[in-house]
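Read the structure below first, then the notes.
The values are calculated or read from the model by the stated rules, or taken from the named source; none is laboratory data. These numbers were taken from a predicted model, which means no experiment stands behind them. Positions of Cβ are generated from backbone atoms using ideal geometry, with glycine treated the same way; all protein chains shown enter the neighbour counts.
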Amino acid sequence: MNNIFRVLLLIVIASCGLIVSASENCEKEGDDRETIEYGISAEEIAENPEPNVELLHFNEDLIYDRWYKQVNGTVNVHDAPNGNVVRTIDEGFNFVTALEEVDGWTKINTDEWVQTAQLTNSGGVVSRFTGVMLPEDDLPYTVAWTLVNLYPSNEPGGDPRESNGLYYRYTLVYIYDTVEIDEYRWYQIGDGKWVHQFNVAKIQPIEKPEDVDTERWISIDLYEQTLIAYEDDRPIFATLIATGLDRWPTREGVYNIYYRKTRKHMSGGVVGDDYYFLEEVPWTMFFDEGRALHGAYWHDAFGYRRSHGCVNLSITDAHWLYLWVAETFDDKLISADIEEGPAVYVYSTDQYQ
């Protein structure tokens, strides 16, 4: 009797084991069936592997046609090397144009010299970034720039993977798909390659607003930090910009370019706080009181806010935009008051964080 009981017990245990194993297998198979596949396939990506846009031509002679130097601290300006002090440059974010150097002195204007040791050459920070010309036909996917050097993740919300390869800052990519994870967007930029929304800036053309009454006009997206130039309803050029910080915002609204100048001294702020003086800011076009579109030779941080309200562009991009605007006028280069230049529409596609 005991032997029969033991045999039956072993059969029951074995049966239970089979049931448990089957259950586990079913759960694993069920997990596999419930796995979510994100994004489009490698075959679809291969049909459009990279953005069909044309980079604006980079011209070294254009961006290095001035010798800009940053001023370190409070500096006395002399009428000659070792000469009399004629004025003082207050401490702040200041840049001057260097004309020549003689025995430890730098000439910055006619009969104005400062000690060379009080200046720092800024040529190394002049941006070589350029925007892109957009094709007549619609692009198959949204185009974006990477804003930092990054390794994409294998899936939305995942950790960066070196195996996905390094994408350098300012790389142009297609956004093939979008997935929201924890209220943030993740973008597919390749086969099994995903990046967080904060790490890219998208080119998103918009319809022409009703308040825009000029054929040529410019849109400025404060969230994406991108600028697009249009000819009526067709976007023709796009680039990254740097607009105003919270303290000195670039204001939303519709404006018109009202004054332009190839080179413009700019200054503002309060000494000891946010004072700045910038000589010969290139390709300047004012559109909202003291706010202007212009080239920036003092930084290479496009895609992020950092200005006192102006719209900073690379020198190459600012030059292209200046000439494009000037094509609507007889005089293309010199300073000019404009009754109603191309419209500038400033808006935001999302809340900046």
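The lone criterion from (1) in the same structural domain as Tyr176 (by TED's automatic domain parsing); (2) in contact (Cβ under 8 Å) with a residue 40 or more places away in the chain left unmet by Ala46 is number (2). All but one of (1) on the phi < 0 side of the Ramachandran plot; (2) in contact with an Asp or Glu (Cβ under 9 Å, 6 or more places away or on another chain); (3) modelled with pLDDT under 95 hold for Val346; state the number of the condition that does not hold. For Val346, the failing item is (3). The listed residues are His265, His319, His299, and the only one of them that is in contact with a strand residue (DSSP E or B) (Cβ under 6 Å, 6 or more places away or on another chain), touching a residue at least 60 places away in the same chain (Cβ under 8 Å) and either outside any loop (DSSP other than H, G, I, E, B) or not acidic (Asp, Glu) (or both) turns out to be His319. Just to be sure, is Glu91 in contact with a strand residue (DSSP E or B) (Cβ under 8 Å, 6 or more places away or on another chain) and not basic (Lys, Arg)? The answer is no for Glu91. Listed by position, the strands (runs of 3 or more DSSP E) contained in the stretch 93-151 that have at least 2 residues being farther than 30 Å from Val77 by Cα and touching a residue at least 60 places away in the same chain (Cβ under 8 Å) are 142-146.
Within the stretch 28-51, being surrounded by 13 or more Cβ atoms within 10 Å (Cβ to Cβ), modelled with pLDDT of 95 or more and in a loop (DSSP other than H, G, I, E, B) holds for Asn48, Pro51.
Of the residues Ile218, Ile203, which single one is within 30 Å of Leu139 (Cβ to Cβ), in contact with a Pro (Cβ under 7 Å, 6 or more places away or on another chain) and buried (at least 20 other Cβ atoms within 10 Å of the Cβ)? Criteria check complete, one pass: Ile218. If the condition is being touching a Lys or Arg at 6+ places or on another chain (Cβ under 8 Å) and part of a loop (DSSP other than H, G, I, E, B), then the stretch 302-316 contributes Gly309, Cys310, Ser314.
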